[in-house]
1. Output the residues belonging to region 26-36 that are under 16 Å from the mean Cα position of the chain (by Cα), more than 10 Å from the ligand (Cβ to nearest atom) and farther than 25 Å from Glu81 by Cβ.
2. Kindly indicate the residue of region 37-50 that is more than 16 Å from the ligand (Cβ to nearest atom) and in contact (Cβ under 8 Å) with a residue 24 or more places away in the chain and also farthest from the chain's Cα centre (by Cα) among those meeting that condition.
3. Of all residues being within 11 Å of the ligand (Cβ to nearest atom) and touching a Lys or Arg at 6+ places or on another chain (Cβ under 9 Å) in region 2-25, which is modelled with the highest pLDDT? Just the residue, please.
4. Which of (1) out of contact with any strand residue (DSSP E or B) (no Cβ under 6 Å at 6 or more places or on another chain); (2) assigned to a helix (DSSP H, G or I); (3) modelled with pLDDT of 90 or more is the odd one out, the single condition Arg191 does not satisfy?
5. Filter region 355-387 for residues that are under 32 Å from the mean Cα position of the chain (by Cα) and in a strand (DSSP E or B); which is surrounded by the most Cβ atoms within 10 Å (Cβ to Cβ)?
6. Any residue that is over 30 Å from Lys17 (Cβ atoms) and more than 13 Å from the ligand (Cβ to nearest atom) - is there at least one of those in region 90-98?
7. Taking Phe131, is it within 16 Å of the ligand (Cβ to nearest atom) and aromatic (Phe, Trp, Tyr)?
Amino acid sequence: MLFDEMGLAPEILRAVKEQGYDTPTPIQEQAIPVGLERRDVVGSAQTGTGKTAAFLLPILQRLKDGKNGTLRALVLVPTRELAEQVLVSARNYGKYTGVKAVAVYGGMAMQPQTKALKGGVDIVVATPGRFLDHMGRGNVDSSKLEVLVLDEADRMLDMGFAPDVNRILDSLPTERQTMFFSATISSDVDRLARHALQNHAAVEIGNRAESAEGIEHMLVAVDQADKRGALKKMLEEIPEGRTLVFMRTKHGVDKLAHHLHKEGMDAAAFHGGRTQQSRNKALDRFREGKVRLLIATDVAARGIDVDNIVMVVNYDVPKDPEVYVHRVGRTARAGAQGVALTLMSPGEWLLMRDIEKLMGRTFKREVMEGFEPSVAPVQPKEEDAKPKRKGPTMGPRRGRSKRR
Ligand code: AMP
């Protein structure tokens, strides 16, 4: 993929080219299309990944028309250094768009910043405390804000900006696009993200799935009809912690939740067939630990951003191998350990082989006592999962996942 192919306006492309860039970085390849669609983004991205352009280019594209001198995009950053860097980037990438950007941060006199703000701006890059100061003095009007970026959210929290950021969030229009970036996603960062995103579904980008090295993959061969029983037994064996169960269909989700409920195991069902309110409630109960199990379809689960998931269950083997990587990436986050349990019926053997090829490794076929499948599973050879020909592999590290 090239910048040329991303649907960016010519005046933006020209500026990007002047910087000497033709090829987007992975984070840009993922975030720019989503940003251009005006959807919310949560990204785990570190400095040096090109995340600044990842959020600035969609902002510039959105702002270049209809400039009216009121604040339309706010980028909150933890430090004055970062504020300056983002400002320089915004001016570089935006130089042919006419979009005006200013930076305001602490440790500098208010007066020049006030003058700049009052002179009419489209993008403000700010540290939270100073932005609040200006807001309090009526120097900025954020009532027309369309895009909010929180950059290096984990550092903002480390620096004690949580109360300021939360106050700012509460004062901004709720109808807006939010892009949230953080190098690490701790539970505090997660909480801030939820506040910033107002629990809207966001597209997750970054290398969560890749970095989850603490995942133990368990593959259990079982007949389709025995999956419920096998799952129940596993849940009893892994006694504590949040478990996310993935299923292909909404109907399956409801049926399984109902069945487990009857068996005395409370589970929240989460899928697109439910109302937003019902989904929010399910997610809240899961986050707050009131219910240990969340059963979800892939589509619905896209916006779920919950820490401390100890086990991800593939109740069915996904048809698209990349979905496996996304699903299991929900556990073992931030260096923690997690289990990815896959229940594989004889009809799903081939789908599992596709996943193993994608990942470049095989998983040991296990059988659970009392739930032995009618057809004994065949253990593939390790080399069968390795690519036969030379050339780039499609392993998860280099895969073309649209969303990670
Ligand atoms: P950032 O992670 O946004 O701080 O960017 C890290 C560095 O990569 C900065 O010096 C950018 O100018 C540079 N950069 C951003 N996008 C690209 C790209 N597509 N190709 C090459 N360099 C880039």
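1. Passing the criteria: Gln30, Pro33, Val34.
2. Arg38
3. Across region 2-25, the extreme among qualifying residues is Phe3.
4. Looking at each condition in turn, Arg191 falls short on (3).
5. Filtering first and then ranking leaves Arg365.
6. No, there is no match, as no residue in region 90-98 is over 30 Å from Lys17 (Cβ atoms) and more than 13 Å from the ligand (Cβ to nearest atom).
7. Answer is no for this residue.
Rundown of residues vs (1) among the basic types (Lys, Arg); (2) surrounded by fewer than 22 Cβ atoms within 10 Å (Cβ to Cβ); (3) under 19 Å from the mean Cα position of the chain (by Cα), yes/no style:
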{"position": "Val149", "(1), (2), (3)": "no, no, yes"}
{"position": "Ala183", "(1), (2), (3)": "no, yes, yes"}
{"position": "Leu231", "(1), (2), (3)": "no, no, no"}
{"position": "Glu237", "(1), (2), (3)": "no, yes, no"}
{"position": "Met265", "(1), (2), (3)": "no, yes, no"}
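The values are calculated or read from the model by the stated rules, or taken from the named source; none is laboratory data. Keep in mind it's a predicted model, so treat the numbers as computed, not measured. Cβ: placed from backbone, ideal geometry, glycine included. Neighbour counts: every protein chain shown.
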